[in-house]
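Q: To start, I am sharing the structure in question, which I have written as structure tokens.
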Amino acid sequence: MLELDRDLDWVVHGDNADVLPKLPDASFPLIYIDPPFNSGREQRRTSISVARDDAGDRIGFGGRRYATELGNSTAFADKFDDYLSFIAERVEQAHRLLTPQGTIYFHIDYREAHYCKILFDEIFGRECFLNEIIWAYDYGGRSKRRWPAKHDTILVYVRDPASYFFDQDAIERIPYMAPGLVGKEKAARGKLPTDVWWHTIVPTNSSERTGYATQKPEGILRRILCASSRPGDRVLDFFAGSGTTGAVAQQLGRRFVLVDDNPEAINVMRQRLAASSVAWVDAMGASLPEPEGDASADPTLFGTSQATA
Ligand SMILES: C[S@@+](CC[C@H](N)C(=O)[O-])C[C@H]1O[C@@H](n2cnc3c(N)ncnc32)[C@H](O)[C@@H]1O
């Protein structure tokens, strides 16, 4: 068993297949996971920084020239021989780890969503399916040979459809599309989001940007944590990546346990998460070595970045 003190937040470096069986039954009211999507290619992102340079390779506003320097590169493999078995083993553990009123959000794309839905129906029971959330965005290239795919799917399942936690009042309301049609008072209050969430990807020049490939926006996680957890609850994300779930949990007063097997993800999380309450361990529960130098001083990891794959 991994003894993870409830008064701390935890980041565990290791394969979640090794870590999850060591966590006690029914210990998380909310699990969010965003596994590799089985895109068939490596997910890589290289950060860049730019500086004024009259001989530079980029031309900016007013014809000024800038030199580009490549910074850190983060990557993880996203190709599986048997993707569904990989997911199934971990979702069975997630089912065991949820509290009786608990909820899981499973983030996936259009290529695997339908197979995963059937898998979740088998593990949780079809009656435990709560929602299919469509996260729609508008970014990147557009195919001319089919409808450009510009959404992810988030499957939501609960342990018990007769008794689960969902706090509608805690969800941030959004503007009506046609405020003129609903009256002043309603328009001022805004409306509750539906199961289609229009939300930008993490903008390139945003302070939220870590440079980690496939980083998800905090706005998406904020909505999930507000609706399906209470302040003080402990949230689990065992494909943690850049630690978006942890960052939002810290903002909203939730505790977290994050797991990732990629040392680059651990490095990014070290820089991103307010460190005071976080314990950093391996899959055996042993403390991770302190990073060499001042990790937070790396200027290339946060800020401007671009995908190279
Ligand atoms: C799509 S990314 C998650 C991105 C994250 N939601 C964010 O906002 O940054 C998937 C992550 O799963 C991790 N991963 C893949 N297989 C894993 C495994 N078996 N155990 C733990 N982590 C794994 C990868 O290293 C990668 O960081």
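Derivation of every value follows stated rules applied to the coordinates shown; laboratory data play no part. What you see is a predicted model, and the numbers here were worked out from it, not measured in a lab. Positions of Cβ are generated from backbone atoms using ideal geometry, with glycine treated the same way; all protein chains shown enter the neighbour counts.
Q: Based on DSSP, what percent of beta bridges with both residues in the range 103-225 are antiparallel, to the nearest 5?
A: Taking every DSSP beta bridge with both residues in the range 103-225, the antiparallel ones total about 80 percent.
Q: Oh, and also: Considering only Cα-Cα distances, which of the following residue pairs are longer than 30 Å: 22/79; 22/216; 117/191; 79/191? All intermediate terms of the calculation are to be shown ahead of the outcome.
A: Details: 22/79 26 Å; 22/216 27 Å; 117/191 28 Å; 79/191 40 Å.
Over 30 Å Cα-Cα: 79/191.
Q: Relative contact order of the range 111-163, please, whole-number percent, based on alpha carbon pairs below 8 angstrom and at least 6 residues apart.
A: Averaging sequence separation for qualifying contacts and normalising by length gives 43 percent for the range 111-163.
Q: Now, a different point. If each DSSP helix of 4+ residues adds -39,500 (n - 2.57) and the sum is divided by the residues in the chain, what number results at 222 nm, nearest 500 deg cm²/dmol? Before the final figure, lay out each step's value.
A: Working: 7 runs with 67 residues, N = 309.
Result for the chain: -6500 deg cm²/dmol, rounded to the nearest 500.
Q: In what sequence, highest mean first, do 254-262, 31-39, 167-175 appear when ranked by Cβ atoms within 10 angstrom?
A: Descending packing order for the listed peptides: 254-262, 31-39, 167-175.
Q: When we measure straight from the Cα of residue 150, which aspartates and glutamates land under 16 angstrom away, once same-chain ones fewer than 8 places off are left out?
A: Within the straight-line limit of under 16 Å, residue 150 reaches these aspartates and glutamates: 109, 112, 132, 138, 195.
Q: Oh, and also: Mind listing the phi-derived Karplus ³J(HN,Hα) values for the range 212-227, rounded to whole Hz, using 6.51, -1.76 and 1.60 with θ = phi - 60°, and x for any glycine or proline?
A: 7, 4, 6, 4, 9, x, 4, x, 5, 5, 4, 4, 5, 5, 5, 6
Q: Still on this structure, please answer the following. Quick one: of the DSSP bridges fully inside the chain, what percent are antiparallel, nearest 5? Mind dumping the intermediate values first?
A: Numbers: 29 of 52 bridges.
Taking every DSSP beta bridge with both residues in the chain, the antiparallel ones total about 55 percent.
Q: Using Cβ contacts closer than 10 Å as the measure, can you line up 212, 105, 110 from fewest to most?
A: If I rank by nearby Cβ atoms, fewest first, I get 110, 105, 212.
Q: Going by how many other Cβ atoms sit within 10 Å of their own, how do 135, 198 line up, fewest first?
A: Arranged by neighbour count, lowest to highest, 135, 198 become 198, 135.
Q: Which ordering of 79, 117 is given by a fewest-first count of other beta-carbon atoms within 10 Å?
A: Exposure proxy ranking, most exposed first: 79, 117.
Q: How high is the relative contact order of the chain, in percent, counting Cα pairs under 8 Å that sit 6 or more residues apart?
A: 28 percent
Q: Can you give the FRET efficiency for residue 177 and residue 41, using 1/(1 + (r/R0)^6), R0 = 41 Å, r = Cβ-Cβ distance, to the nearest 0.05? Display every interim value, and only then the final one.
A: On the way: r = 37 Å, r/R0 = 0.89.
FRET efficiency, residue 177 to residue 41: 0.65.
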